[in-house]
Amino acid sequence: MPRRRRFAQSLAAALLGLALLVPADVQAQREAASEAPEGIAVGRTSRALGLASAAEVEKSATLQYSELIRQAAAQKALAPADHPQTIRLRRIAARLVEQSARFNPRAKEWHWEVNLIGSRQINAFCMPGGKIAFFSGILDTLKLTDDEVAMVMGHEMAHALREHGRERVGKMRLAQIGTVIASIGGALLGFGDLGGQVASGAAQLTMLKYGRDDETEADLVGLELAARAGFDPRAGVIVWQKMAAVGKGQPPQWLSSHPSHDSRISEISRNLDRVMPLYASARGVSPAELGPYRSNVGKPVPWPLVTAKR
């Protein structure tokens, strides 16, 4: 085998070997998730986390969040601590945070923050390290009940707890490594940058796939998080019905990095059996004693969702 080809293969193997190392905090997260005897079965933590330091990602997120809050305050768009909606959001968050370490032991060390920003955007997020923001638009437009707020907040917290942001940074770095490998190998073998272009295209497809997977996982982990905190998981169905009502004209699922509203409702409904007992336990009743979930719009959501005809 020519020396240049052996060199390219050795370089590729060395770089990919470093990329696939699993740090201790990732391994601990895997073990904690695998020991859960009930509730949602989460997938394996991505090895791409090994390419991004948790401390580095969380520090960057904290800086960005602080700047956002500073700008919101400067524009008089930051709700004060005594605003009724801020108090409400922080009360709901406190109950969810109590359950968060089940999905990420490091969450005990996070300095959780919750703020409300005046904006018509129908949006909310939780950055790595537990930095939460809700825009007033999502509360005002969707008229969310406390249970529905908990579904939205639980979903956003799940992104942070499952470290999807850190994973995305890791994947970007892995894609960069792949591009470097292909470019070096192609140059050594006389193919120019064709390999780099192929690697870049493959990386984009990988990002799209994982974007959908992350959203689905966040829906389900958020569902369990809220159920354990005593919020009705059936509210998740209503949240996405409300989202669908205001999001007409969304692209087909295969053109979007997010699952369609119908897909999300279907997936949540399929997993209610796993989390309704947890909700009942948090409420101190048996599942059979639970009445239907009543939102402020639409029809009540019964339990079970479907009664088999005999």
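Sorted from fewest to most neighbouring beta carbons within 10 Å, what does the list 224, 109 look like?
By the 10 Å Cβ count, ascending, the order reads 109, 224.
For residue 248 and residue 77, what does the FRET efficiency come to when R0 = 25 Å and r is the distance between their Cβ atoms, rounded to the nearest 0.05?
It comes out at approximately 0.35.
Could you put 87, 268 in order, starting from the residue whose Cβ has the fewest other Cβ atoms within 10 Å?
87, 268
Order by neighbour count: 82, 214, fewest other Cβ atoms within 10 Å first, most last.
82, 214
Restricting attention to segment 65-102, which trypsin sites (Lys or Arg not before Pro) occupy a DSSP loop and are surrounded by at most 13 other Cβ atoms within 10 Å?
Qualifying residues, ordered by number: 76.
Can you list residues whose amide H is under 5 Å from residue 114's amide H, if they're 5+ apart or on another chain and H is modeled 1.01 Å from N?
Those qualifying (amide H under 5 Å, at least 5 residues apart or on another chain) are 132.
FYI, it's all coordinate maths here, none of it is from the lab. Since we're looking at a predicted model, the values are computed, not measured. Methodologically, a virtual Cβ is constructed for each residue, glycine included, from the backbone with ideal geometry; neighbour enumeration extends over all protein chains shown.
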